[in-house]
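In what follows, a structure is listed as structure tokens, so that the remarks can point back to it.
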Amino acid sequence: MVGDTITTRSLIVDRYVKRDRDYVVNEVTCFGSDGRIVSRSRTHQSFLLDAVSGTVVDKKREKRSDRRFDVNAQEPLEDIQSLSKEVTLEMCQKFSGPAKNYHNDIEAARALGFPDIVVQGMMTLCFLSQMMTERFGAGWYDGGRLSVNLVNVLWQKEQVTCRGQVTALTPEGSRQRAHLQVWCEKPDATKVVVGSASALQE
């Protein structure tokens, strides 16, 4: 809650090579002042094995058929309220700064082979978390789960909309757990994030 002291611990728990990329699995655990675990997350971040010249990812790649990711076509129990954001340079600088890097500086991005600033993936996940908090409140931040893949690049100055559909309800103690498919997409329906989430509700 606001005003609480949080301690974080970061640990590399795995590393592997897949499709010419070196993947690092980082587990971050957040502890409250009383030592209890507040949250735990694992991220898989990839790095090119060999140095490349020229463009690494351009803005046309997401238009290819193999970069289209459709959500399951099923009748949802509920379409939760969506959330839209336009990512500005100021947002990138505040979220991924203060040191200049490809998430907040155009020259740093171009030096690594990107045509524009690459919005840090965790920012998009924060948007998803905001959407889930607005729908489920404490049932999200005191019992929520999220499993997603970052599938296309979100560039600065682009708009993204987070969406979620409740697909099932299962009993959990005295409450229910709502299971959702969630995704973030651009105005042309290009998916940036796809995956699943769940939260507790009465």
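None of the figures in this text is laboratory data; all of them are computed from the coordinates on show. Computed from a predicted structure; not experimentally measured. All Cβ positions, glycine included, derive from the backbone under ideal geometry; neighbour counts span all protein chains shown.
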Cross-link partners of Lys63 among aspartates and glutamates (Cα-Cα below 14 Å; sequence separation of 8 or more within a chain) = Glu185, Asp188
request  = Select from Val24, Ser198, Thr5 the residue farthest towards the positive end of the dipole of the chain; place +1 on Cβ of Lys and Arg, -1 on Cβ of Asp and Glu, and compute about the Cα centre.
outcome  = Val24
ask   = Gap in Å between the Cα centre of the stretch 1-72 and the Cα centre of the stretch 109-186?
value = 13
request  = Using the structure shown, list the pairs from Lys60/Lys191; Lys100/Lys191; Lys60/Lys94; Lys18/Lys85; Lys59/Lys191; Lys59/Lys100 with a Cα-Cα distance above 25 Å, or answer none.
outcome  = Lys100/Lys191; Lys60/Lys94; Lys18/Lys85
ask   = Can you run phi through the Karplus equation (6.51, -1.76, 1.60; θ = phi - 60°) for the stretch 154-164 and list ³J(HN,Hα) in whole Hz, with x for Gly and Pro?
value = 9, 9, 4, 6, 8, 9, 9, 10, 8, 9, x
ask   = Which one, (1) 1.20; (2) 1.10; (3) 1.01, gives Cα Rg over 2.2 N^0.38 Å as derived from the coordinates shown?
value = (2)
note = Summing -39500 (n - 2.57) over every DSSP H run of at least 4 in the chain, dividing by its residue total and rounding to the nearest 500, the 222 nm mean residue ellipticity is -4500 deg cm²/dmol
